[in-house]
Amino acid sequence: MIHQARGSGPVPLSATTTCPDPRGVTRRLRREWGDVAWVELEPGVGAWLVMGYYELLTVTRQEKLFSSDARNWRLFQEGVVAPDSGLGPMMFWRPNVAGADGAEHRRLRRPIDDGVRRIDQRRMRRTVEALCRQLIDGFTEKGRADLVGDYAAVVAMLALADMFGLGTGQGHELLAALRAMFGSAGDAQAGNRRFEEILGGVLEARRQAPADDLTSHLLAHADLRDDAEVLQSMAAMISAAQEATTTWISQTFRLILTDPRFAGRLRGGRLGVDDALDEVLWRDPPMTNMPARYAMRDTELGGRRIARGDALILGLSAANDDPRVHGGATEIELGNRAHLAWSAGPHVCPAPVPARLITRTAVETALHHLHDVRLSVDPAELAPHPSPWTRCPASLPVRFRAAGDRP
């Protein structure tokens, strides 16, 4: 197994999310390694970052060769990865849909797919628009806000809270717990415990008093055998949806505020909101890197020898930047949704439609009700939340015309 190419030691995976030029990092990795590169998840713990578009499709579609079951991770089996590692909440095995393959995965996926199909999209749009208006009304007279902390993250979580029957206070607690989990740092395990405690309380409340929400739907679904499977299904849906939707909204605003070409095309009508959202999915997908697949035998991928038990990280952002796909074009062809922002194969994201509905509503509502919006800091000061998996701006402080100053 090859663990090094030209240059010094492995690049930390977090360099692809937290440095000022993440695309420059993955392009350098591609020059040195090709489409599959060895990176460091934490000190002494490495994995393969799959950056090739076609290599990523191979990994996601061949589940018998590349398993989602983290119990196959050799470095964990051998004790190289500590049980209390910050990687745990994102990479350790859970008895849920994300950690299963084959028939077991299909059984656990059916309740989620059924739940997504039963979402009333018109009702959701009205609910999300009302949430957005309420939040905007709360800061519009000040003439300033943080479009991440005051808006994007709150819209995403309260929309999900409404879908699952959580209260507003529980939604805010979940948001803090998820931030810790996705950070994969020292507080990740504590965040995961609190996350599951909150979901357990909601589950018990809905068992006593069912309602028209996704928690009650999961409790009643014949394919879920017990409360533990219901809770894990809730955890998989909420954690993925919250982070992805928050990041998608935030990255759209970041481009509007920092990229004159993008903003000009959008405000000038040459780029519709849905086309703008697609461009964001190509350039800065909600999940930069997706954990993980585990090789079930020695194999080869992208010219690299992969050993049995190696972890492979899905480099969704890097795969979208594969020159074999976009040919070096600076602009994405309108209507092109061949990106891998939602991954691919059996584990493809089950809810891109509601995620788009929430994101589109949040962006359109803000564009309509906030006027002369501009960053209140230098763009160089913007930094992402610390995470090796996502590149969500930690904040987007802005100023705009306050309500009392409008003509």
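Here, each number is a calculation from the coordinates, and none is a lab measurement. Predicted, not measured: the structure shown is a model, and the values here were computed from it. Positions of Cβ are backbone-derived with ideal geometry, glycine not excepted, and every protein chain shown enters the neighbour counts.
Using the crude model of +1 on Lys and Arg Cβ and -1 on Asp and Glu Cβ, and no other charge, please compute the dipole size for the chain relative to its Cα centre, in debye to 20.
Details: 50 positive and 51 negative charges, 152 e Å.
For the chain, the charge dipole is close to 740 debye.
Using the scaling law 2.2 N^0.38 Å as the reference, what is the normalised Cα Rg of region 273-407?
On the way: Rg = 19.0 Å, N = 135, 2.2 N^0.38 = 14.2 Å.
Scaled against compact globular proteins, the figure is 1.34.
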Least to most buried among Val128, Val280 (fewest other Cβ within 10 Å first)
Val128, Val280
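In Å, what Kirkwood hydrodynamic radius results for the chain from the alpha-carbon pair distances? Present the calculation step by step, with values, prior to reporting the outcome.
On the way: mean 1/r = 0.0457 Å⁻¹.
When all Cα pairs of the chain are included, the Kirkwood radius is 21.9 Å.
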Can you give me the C-alpha center-to-center distance between region 107-123 and region 24-78, rounded to a whole angstrom?
31 Å
Would you compute, from DSSP H runs of 4+ residues alone, the mean residue ellipticity of the chain at 222 nm, taking -39500 (n - 2.57) per run and dividing by the full residue count, rounded to the nearest 500?
-15500 deg cm²/dmol
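Which of Asp274, Asp310 has the fewest other C-beta atoms within 10 Å, and how do the rest follow up to the most?
Details: Asp274 14, Asp310 25.
Ascending Cβ contact count within 10 Å gives the list Asp274, Asp310.
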Two decimals, Cα atoms only, Kirkwood Rh: what is Rg/Rh over region 336-407?
1.08
Phi-derived 3J(HN,Hα) across region 195-206 with the Karplus relation (6.51, -1.76, 1.60, θ = phi - 60°), rounded Hz, x for Gly and Pro, is 4, 6, 4, 5, 5, x, x, 5, 4, 5, 4, 6
Give the dimensionless ratio obtained when the Cα radius of gyration of region 108-241 is divided by 2.2 N^0.38 Å.
1.11
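For region 11-405, what is the percent of antiparallel DSSP beta bridges, rounded to the nearest 5?
Numbers: 20 of 25 bridges.
Taking every DSSP beta bridge with both residues in region 11-405, the antiparallel ones total about 80 percent.
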Calculate the FRET efficiency for Glu204 and Arg225 from the Cβ-Cβ distance with a Förster distance of 22 Å, rounded to the nearest 0.05.
0.80
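Using Cβ counts within 10 Å as a stand-in for footprinting exposure, how do Val154, Val36 rank, fewest first? The partial results should precede the final answer.
Numbers: Val154 22, Val36 25.
Listed from fewest to most nearby Cβ atoms, that is Val154, Val36.
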Rg [Å, one decimal], Dmax [Å, integer] - region 1-102, C-alpha atoms:
14.5, 40
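Starting from the Kirkwood radius over alpha-carbon pairs of region 242-308, derive D by Stokes-Einstein at 20 °C in a medium of 1.002 mPa s and give it in µm² s⁻¹.
Details: Rh = 14.3 Å.
Here the translational diffusion coefficient equals 150 µm²/s.
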